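The values are calculated or read from the model by the stated rules, or taken from the named source; none is laboratory data. Quick caveat, the model's predicted, so the values are computed rather than measured. Note: ideal-geometry Cβ built from the backbone for every residue, glycine included; neighbour counts use all protein chains shown. For accessibility, only protein heavy atoms count, side chains too; no ligands or nucleic acids. Shrake-Rupley method; radii C 1.70, N 1.55, O 1.52, S 1.80 Å.
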Amino acid sequence: MMTEAGVIERIWRYPIKSTGGELLHRAEVEPRGLVGDRLFAVRDAQGKFGSGKNTRRFRRMPGLLQLRSRYLDDAGVPELLDPRGAVVPDPNACLRRHLGREDVEVVREGEISHFDQLPVSVLTTATLDWVRSAVPGVPVDERRFRPNLLVRTPPGTPPFVEDEWFGSKARIGDAVCVEFVRSSERCVMTNEAQQDLPHSPLVLRAITKAHDMRLDGLATVVSPGQVRTGDPLVLL
């Protein structure tokens, strides 16, 4: 039995990990994820990548979210945009000045993955609307949670419906098939300021209290292809 869970409302790609991303109308999906997604990252002298948290592979670098990145074409090196939205001529110099450290540079992914977890993150409007209701007065949209796909779900869909998809496959559009595995464990990055979204500790606090710090549906890619806004997401 197949069930249409919703339609793709927005597609996001993040060329440089942990910076603000770019909004797309369509994207190619390969086994690694969306083509070009988090293909580049900010690396320090110890070989750790800029992130919202400290782990064996990642180092927290507050301020990265105030910058954005985008591709002129999928085969090229992404542009870095400053907090005003202007393209910077020298990304490394901009990062060193912006972060206040001299040991960082933009690098392309090598043997060590830039992904925190799995390659595709899917968030529903049902869950996003719940977050908004849980933190009234705090501006919230999907940029706080950095999904690849925002899915518009039908009225009455419960929040955290993504949990019901774990262990299931879904077809998106004509060709792409993904398999949902688990949700993302959220960190302080959800609270951080970016562009017109102010800093607020209430966002992570609400998710922690209601859903054990977890939010979205993480998936692996079963069949590659192209996704477009308006494509249905059908659970198989």
>> Let me confirm something: among Pro154, Pro147, Pro158, which residue is under 16 Å from the mean Cα position of the chain (by Cα), assigned to a loop (DSSP other than H, G, I, E, B) and on the phi < 0 side of the Ramachandran plot?
In response: Pro147
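Within the range 45-80, restricting attention to residues that are of a type in the set (D, E, K, R) and within 15 Å of the chain's Cα centre (by Cα), which residue is nearest to Arg96 (Cα to Cα)? Walk me through it before giving the result.
Applying the first criterion (of a type in the set (D, E, K, R)) to the range 45-80 yields 48, 53, 56-57, 59-60, 68, 70, 73-74, 79.
With within 15 Å of the chain's Cα centre (by Cα) added as a condition, the list becomes 53, 68, 70.
Details: Lys53: 19, Arg68: 15, Arg70: 19 Å.
Among those that are of a type in the set (D, E, K, R) and within 15 Å of the chain's Cα centre (by Cα), it is Arg68.
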> What about Phe40, is it within 23 Å of Ala193 (Cβ to Cβ), of a type in the set (Phe, Trp, Tyr) and either touching an Asp or Glu at 6+ places or on another chain (Cβ under 6 Å) or modelled with pLDDT under 95 (or both)?
Replying inline: no
> Here are Glu22, Glu9: which of them is at pLDDT 95 or above, under 20 Å from Ala219 (Cα atoms) and not β-branched (Val, Ile, Thr)?
Replying inline: Glu9
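Is there a residue in the range 117-127 that is assigned to a helix (DSSP H, G or I), surrounded by 14 or more Cβ atoms within 10 Å (Cβ to Cβ) and in contact with a Pro (Cβ under 8 Å, 6 or more places away or on another chain)? Let's see the steps before the verdict.
Step one: of the range 117-127, the residues assigned to a helix (DSSP H, G or I) are 125-127.
Cutting the leftovers down to surrounded by 14 or more Cβ atoms within 10 Å (Cβ to Cβ) gives us 125-127.
Adding the requirement that they be in contact with a Pro (Cβ under 8 Å, 6 or more places away or on another chain) leaves 126-127.
Among the residues of the range 117-127, at least one is assigned to a helix (DSSP H, G or I), surrounded by 14 or more Cβ atoms within 10 Å (Cβ to Cβ) and in contact with a Pro (Cβ under 8 Å, 6 or more places away or on another chain), which makes the answer yes.
Restricting attention to the range 25-35, which residues are part of a loop (DSSP other than H, G, I, E, B) and either at pLDDT below 95 or loosely packed, with under 15 Cβ neighbours inside 10 Å (or both)?
Filtering the range 25-35 for residues part of a loop (DSSP other than H, G, I, E, B) gives 25, 31-32, 35.
Once the filter is applied, which keeps residues that are part of a loop (DSSP other than H, G, I, E, B) and either at pLDDT below 95 or loosely packed, with under 15 Cβ neighbours inside 10 Å (or both), the range 25-35 yields His25, Pro31.
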> Can you tell me how many residues in the range 49-76 are closer than 14 Å to Leu95 by Cβ and part of a loop (DSSP other than H, G, I, E, B)?
Replying inline: 4
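Does the range 184-206 hold any residues that are in a loop (DSSP other than H, G, I, E, B) and touching a Gly at 6+ places or on another chain (Cβ under 6 Å), and which are they?
Filtering the range 184-206 for residues in a loop (DSSP other than H, G, I, E, B) gives 184, 186-187, 192-193, 195-196, 198-201.
Matches in the range 184-206: Cys187 only.
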> When the range 161-180 is examined, which residues are found to be open to solvent by 20 Å² or more (accessible area, probe 1.4 Å) and either part of a helix (DSSP H, G or I) or at positive phi (or both)?
Replying inline: Asp163, Glu164, Gly167
> With (1) surrounded by fewer than 17 Cβ atoms within 10 Å (Cβ to Cβ); (2) in contact (Cβ under 8 Å) with a residue 12 or more places away in the chain as the list, and Arg96 as the residue in question, which single condition is left unmet?
Replying inline: (2)
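Just to be sure, is Thr229 open to solvent by 20 Å² or more (accessible area, probe 1.4 Å), among the polar types (S, T, N, Q) and within 16 Å of the chain's Cα centre (by Cα)? Write out each step before concluding.
Values: open to solvent by 20 Å² or more (accessible area, probe 1.4 Å): yes; among the polar types (S, T, N, Q): yes; within 16 Å of the chain's Cα centre (by Cα): no.
Considered against the rule, which asks whether it is open to solvent by 20 Å² or more (accessible area, probe 1.4 Å), among the polar types (S, T, N, Q) and within 16 Å of the chain's Cα centre (by Cα), Thr229 comes out as no.
Limited to the range 56-73, what total is found for residues that are open to solvent by 80 Å² or more (accessible area, probe 1.4 Å), in contact with a strand residue (DSSP E or B) (Cβ under 7 Å, 6 or more places away or on another chain) and either in contact (Cβ under 8 Å) with a residue 12 or more places away in the chain or not hydrophobic (A, V, I, L, M, F, W, C) (or both)?
From the range 56-73, those open to solvent by 80 Å² or more (accessible area, probe 1.4 Å) are 56, 60, 70, 72-73; that's our starting set.
If we keep only those that are in contact with a strand residue (DSSP E or B) (Cβ under 7 Å, 6 or more places away or on another chain) too, we end up with 60, 70, 72.
Imposing the further condition that a residue be either in contact (Cβ under 8 Å) with a residue 12 or more places away in the chain or not hydrophobic (A, V, I, L, M, F, W, C) (or both) reduces the set to 60, 70.
Looking only at that region, the number is 2.
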>> Being open to solvent by less than 10 Å² (accessible area, probe 1.4 Å) and modelled with pLDDT of 95 or more is true for just one of Val151, Val106. Which residue is that?
In response: Val151
